[in-house]
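Right, one structure below, let's go through it.
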Amino acid sequence: KNETFADETATKRLPFLLFLSIISFVPVASFSANTGNLINNYMGHISRRSAFQNAAAIAASLLLVPQIAHAFSASSQGSVPEQSTLQPQATANNTPTASVAYRPLSLKIPEHEVTVPVAMWFPTGNKQDSDTSRLLAKYDHRISVKKIGELLAGWDFIPEFASKDFQLQPTIASVIDGTKLSMPTSGPVVFLAHGYLGSRFDLSHLAEALAQEGFICVSPEFPESLAASFPRLDGLDRSVIMSSLLDRLSSEWGVTGTSFGIIGHSAGCGTATTTGDDTWTRVCIAGSPRRLDGSSIPGSVLLLSSMNDGAVSLARFGGRAAIPSEYALLEESTLCQLPNLPKRSFLLFDRPDAPNHISFLADGTNDAMICLLSPLLPVAQAMNIPVLDFDKYQASRDSKQTAEIVIPLVTKYLKQEMLKS
């Protein structure tokens, strides 16, 4: 068994040693003699099948050297995906009207000695009282190849520097830098919970739209984030972060919630269904229709799922038959005709071009993944590493089309349930 484990480790490690030499611009020949001998010793034990799979991965790696080198060669400070469709649209006089502010915050959790990045969006009215308040916001986003390798393939040998930073543009033009603006003292608060290998900006397009409607939106980074902003530690989980965030929101940042809601995507749906009490409003996107223990989700709930979701498809739970009977099934074609949405609603995308798992995320975060990770996709597929529908999205590129349906629906639902007089 130990020999088999060593063989599998060698099979996975060798192609990524090639990647690392490309990423760090160090020739393969510069690896130490000890490393070379270790690889040779491992290769002597690899089965013919494993060697064939490894050779295929290596061949793909070599063919993709120019693309991989280009992906990491751009400056890591403030680089933006070249193909991003999230460019802010200026108004006629080229001066955006500020109605939403974005502010980066830090959540210190002393018992674990970590600092968790938090993104906040809030309404500003139309403040134009100083040049500072009119600076356009940008989102500092990071993708760590090391973190992706650890969580998807169990690799522990990728160095920390195998990552890239991006500055993402907001989806709407009126998002300004709120660093020096006062935060609201009260209002309806919506938390955003990203999924496995997600980020605090995954649902930024929803946060911006909701902030325009008067909501205060708060999105923390969780331990499974692809940004690797802080180490994963025993005892530091999503519930700890959410509990600390709720406490800090009022005690340190001075924000009192008049009502509470939470939106989760994928694994974030588990966070959404276990945070808060029955008075909270919940939106679960691309997740399970029930809690992990099989019990019903409490309170007002809007569920969104797609039959084309390759990661968390409703088909895994039995298709349409898995939709709990207490939910009203919505139809895409009649959404705009509904004056009000049922308190417990379910929208199922069921068409040939339905959204995939990551179609629901903001265009900018998906573009960043396309920019950096596309060259690695063939190798991941050759080694049977799960890619969470990244392959589907690379072909569909349908974040904007999906958002045109999801944003109005979620906004309408949260206003209906959280802004009641």
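The values are calculated or read from the model by the stated rules, or taken from the named source; none is laboratory data. Fair warning: this is a prediction, and the values are worked out from it, not measured in the lab. Positions of Cβ are backbone-derived with ideal geometry, glycine not excepted, and every protein chain shown enters the neighbour counts. Side chains included, ligands, DNA and RNA excluded: accessible areas come from the protein's heavy atoms. Shrake-Rupley method; radii C 1.70, N 1.55, O 1.52, S 1.80 Å.
Here are a few things to note about the model shown:
- Residue list for region 320-337, restricted to those being within 23 Å of Leu361 (Cα to Cα), out of contact with any Phe, Trp or Tyr (no Cβ under 6 Å at 6 or more places or on another chain) and in a strand (DSSP E or B): Leu330
- Test: residue in region 268-277 that is assigned to a loop (DSSP other than H, G, I, E, B), among the polar types (S, T, N, Q) and touching a residue at least 40 places away in the same chain (Cβ under 8 Å): yes
- Residue match in region 187-198 (condition: out of contact with any helix residue (DSSP H, G or I) (no Cβ under 9 Å at 6 or more places or on another chain) and under 30 Å from Ser250 (Cβ atoms)): yes
- Residue check, Leu245 assigned to a loop (DSSP other than H, G, I, E, B), of a type in the set (A, V, I, L, M), surrounded by fewer than 24 Cβ atoms within 10 Å (Cβ to Cβ) and modelled with pLDDT of 95 or more: no
- Ile285 under 23 Å from Leu414 (Cα atoms) and either among the acidic types (Asp, Glu) or surrounded by fewer than 19 Cβ atoms within 10 Å (Cβ to Cβ) (or both): no
- Selection within region 320-366: residues that are without any contact (Cβ under 8 Å) to a residue 60 or more places away in the chain, touching an Asp or Glu at 6+ places or on another chain (Cβ under 9 Å) and among the small types (Gly, Ala, Ser). The member of this set that is nearest to Ile172 (Cα to Cα) is Ser359.
- Residue within region 301-319 that is part of a loop (DSSP other than H, G, I, E, B), β-branched (Val, Ile, Thr) and in contact (Cβ under 8 Å) with a residue 24 or more places away in the chain present: yes
- Asp177 over 19 Å from the mean Cα position of the chain (by Cα) and open to solvent by 10 Å² or more (accessible area, probe 1.4 Å): yes
- Test: residue in region 258-274 that is closer than 24 Å to Asp309 by Cβ, modelled with pLDDT of 95 or more, more than 17 Å from the chain's Cα centre (by Cα) and among the small types (Gly, Ala, Ser): yes
- Cβ-Cβ under 7 Å pairs, at least 6 apart or on other chains, region 393-421 side within 20 Å of Pro355 (Cα to Cα), far side part of a helix (DSSP H, G or I) and at pLDDT below 95: Gln394/Ile370; Gln394/Ser374; Gln394/Leu377; Ile405/Glu332; Leu409/Leu335
- Within region 371-388, one or more residues are surrounded by fewer than 16 Cβ atoms within 10 Å (Cβ to Cβ), of a type outside the set (Ser, Thr, Tyr), within 20 Å of the chain's Cα centre (by Cα) and over 16 Å from Ser306 (Cβ atoms).
- Test: residue in region 167-177 that is assigned to a loop (DSSP other than H, G, I, E, B), touching a residue at least 60 places away in the same chain (Cβ under 8 Å) and closer than 29 Å to Thr279 by Cα: no
- Among the candidates Ser229, Ser251, Ser239, the residue that is closer than 27 Å to Asp165 by Cβ, surrounded by fewer than 22 Cβ atoms within 10 Å (Cβ to Cβ) and not β-branched (Val, Ile, Thr) is uniquely Ser229.
- Enumeration of residues in region 108-141 that are surrounded by fewer than 21 Cβ atoms within 10 Å (Cβ to Cβ), in a strand (DSSP E or B) and either over 15 Å from the mean Cα position of the chain (by Cα) or modelled with pLDDT under 95 (or both): Lys108, Ile109, Val114, Thr115, Pro123, Leu136
- Selection over region 142-163 of residues that are assigned to a strand (DSSP E or B) and open to solvent by 10 Å² or more (accessible area, probe 1.4 Å) gives a count of 2.
- Among the candidates Leu168, Leu210, Leu203, residue that is at pLDDT 95 or above, surrounded by 17 or more Cβ atoms within 10 Å (Cβ to Cβ) and over 23 Å from Leu249 (Cα atoms): Leu168
- Pairs meeting the criteria (first residue in region 199-221 and within 17 Å of His141 (Cα to Cα) and of a type in the set (Gly, Ala, Ser), second residue open to solvent by less than 10 Å² (accessible area, probe 1.4 Å) and in a helix (DSSP H, G or I), beta carbons under 7 Å, at least 6 apart or on different chains) are Ser199/Thr365; Ser219/Ala207.
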